[in-house]
Ligand SMILES: *Cc1c(COP(=O)(O)O)cnc(C)c1O
């Protein structure tokens, strides 16, 4: 039996007619750049989140970079970020000539360690980029309290958490700015690159709308130095259709997770991910921990099961940042070596999940 890690084709086929029709409609209208579909999706996604404004951009990396740029911070500003995340979370800090202050994680929750955050706050700390890694959410009451007490701007990296919530409030509504990616494999994924920035701040909304479109909202009037980072009309049209299915897809992911929990709860060699109180996760990734990670991964591969590692290296370990003198974060460095992401997508069926779990149990029976 083969179990894919992701199965985008299955999802496409389930909505093919609607999607194909929309794409052909846009091809026919030829409004390829900032067509009305972009505005429609921006409005619908803002309403979905429960936020005033949303601006589509070219991808999630740009979203993070433009979000930081829009804040117009002093060059020597320090930005706190967790040490175990996708590199894009940090690229916008460097592009804008600010300083990455990498913080350790809480190994049980994979979320940023707030004690370490407190220790690393200085007079130059201006922003905390909070990552809702794997579709999980930290205690947002505590996060907001630290930001308020220390006058720190909260920017959320929601690239893995479309639709996740804390106390009924969706992620992406807590920060001054929130950044999303619509990369195909994300919970809300386009059929190419895409991203966007949410905010309740009208001035930031207007500034970001200009930055993404060469500094202009009125054609050929460029009031600020912008760039070209627009959400493509065809991608916006696709996203607007897929948005209707986001909640049911997330519900399916939670059902997949539920079966993993049931099947693996007696397997003591595996540590299952922990969801905090008041959180509804969206399981972008289902990440387990084991000291025998590499051997287990090989065994699963031999049995037709694809697994991945998110991420094999901490932020401080990347060559790209080797001259930045980043902190060594003990838990983050350790976690990289024991995490394994199991197959996870909304259409993953019970037979396949049980097969994965049976193979995991078989591995540990033979490797005591
Ligand atoms: C995917 C991702 C990004 C970057 O998004 P792209 O659209 O691929 O540029 C940023 N942060 C996190 C946590 C991500 O998972």
To one decimal place, what orientation-averaged projected area in nm² is obtained for the convex hull of the Cα set of region 306-368?
6.3
Suppose each label sits 7 Å from its Cα in the direction of the beta carbon; what would the residue 219-residue 277 distance come out to in nanometres?
5.7
Given the options 50, 319, 135, which has the most mean-square fluctuation in a GNM of the chain, springs set between C-alpha atoms less than 10 angstrom apart?
319
Whole-angstrom gap from region 5-71 to region 161-187, using each part's C-alpha centre:
14
Quick one: go through region 67-109 and flag any residue whose amide nitrogen is under 15 Å from the point 7 Å out along the Cα-to-Cβ line of residue 322.
none
Send over the semi-axes of region 83-146's equivalent ellipsoid, whole angstrom and largest first, taken as the square roots of 5 times the C-alpha gyration tensor eigenvalues.
19, 15, 10
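Give me the mean projected area, in nm² to one decimal, of the convex hull enclosing the Cα positions of region 52-176.
On the way: hull surface 29.0 nm².
Computing the convex hull of the Cα atoms and averaging its projections yields 7.2 nm².
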Relative to the compact-globule scaling 2.2 N^0.38 Å, provide the ratio for the alpha-carbon radius of gyration of region 119-188.
1.13
Using Cβ counts within 10 Å as a stand-in for footprinting exposure, how do 253, 212, 169 rank, fewest first?
169, 253, 212
Find how many whole Å separate the alpha carbon centroid of region 221-282 from the alpha carbon centroid of region 323-362.
16
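Apply the Kirkwood formula to region 249-368: the hydrodynamic radius equals the inverse of the mean of 1/r over all pairs of different alpha-carbon atoms; give it in Å with one decimal. Each step should come with its number before you reach the end.
Details: mean 1/r = 0.0642 Å⁻¹.
Answer for region 249-368: a Kirkwood hydrodynamic radius of 15.6 Å.
Arranged from highest to lowest average of other beta-carbon atoms within 10 Å per residue, in what order do the peptides 149-157, 55-63, 259-267 appear? Working shown, then result.
Values: 149-157: 19.7, 55-63: 27.2, 259-267: 15.6.
Order by mean packing, descending: 55-63, 149-157, 259-267.
Which value, in Å to one decimal place, does the Kirkwood hydrodynamic radius take for region 158-284 when every pair of different Cα atoms is included? Let's see the in-between values first.
On the way: mean 1/r = 0.0593 Å⁻¹.
Taking every pair of different Cα atoms in region 158-284, averaging 1/r and inverting gives 16.9 Å.
Over all alpha-carbon pairs in region 261-329, figure out the percentage whose distance exceeds 14 Å. Intermediate values should be presented prior to the final figure.
Details: 1706 of 2346 pairs.
Within region 261-329, distances greater than 14 Å cover 73 percent of Cα pairs.
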Region 1-68: radius of gyration over Cα atoms, expressed as a fraction of 2.2 N^0.38 Å
1.45
By Cβ neighbour count within 10 Å, fewest first, 284, 162, 310, 318 rank 318, 310, 284, 162
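Please report the projected area of region 158-221's Cα convex hull averaged over all directions, in nm².
Values: hull surface 20.7 nm².
Directional mean of the projected Cα hull area for region 158-221 stands at 5.2 nm².
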What is the packing order of peptides 72-84, 322-334, taking the mean over residues of other C-beta atoms within 10 Å and listing the highest first?
72-84, 322-334
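Relative to the compact-globule scaling 2.2 N^0.38 Å, provide the ratio for the alpha-carbon radius of gyration of the chain.
Values: Rg = 20.7 Å, N = 368, 2.2 N^0.38 = 20.8 Å.
Ratio of Cα Rg to 2.2 N^0.38 Å: 1.00.
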For q = 0.17, 0.27, 0.29, 0.31 Å⁻¹, what log10 I(q)/I(0) does region 50-104 give under the Debye formula with an equal point scatterer on each alpha carbon and no solvent?
-0.57, -1.09, -1.16, -1.23
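Coordinate-derived values only; no laboratory data. Fair warning: this is a prediction, and the values are worked out from it, not measured in the lab. Every residue, glycine among them, receives a Cβ derived from its backbone with ideal geometry; neighbour counts consider all protein chains shown.
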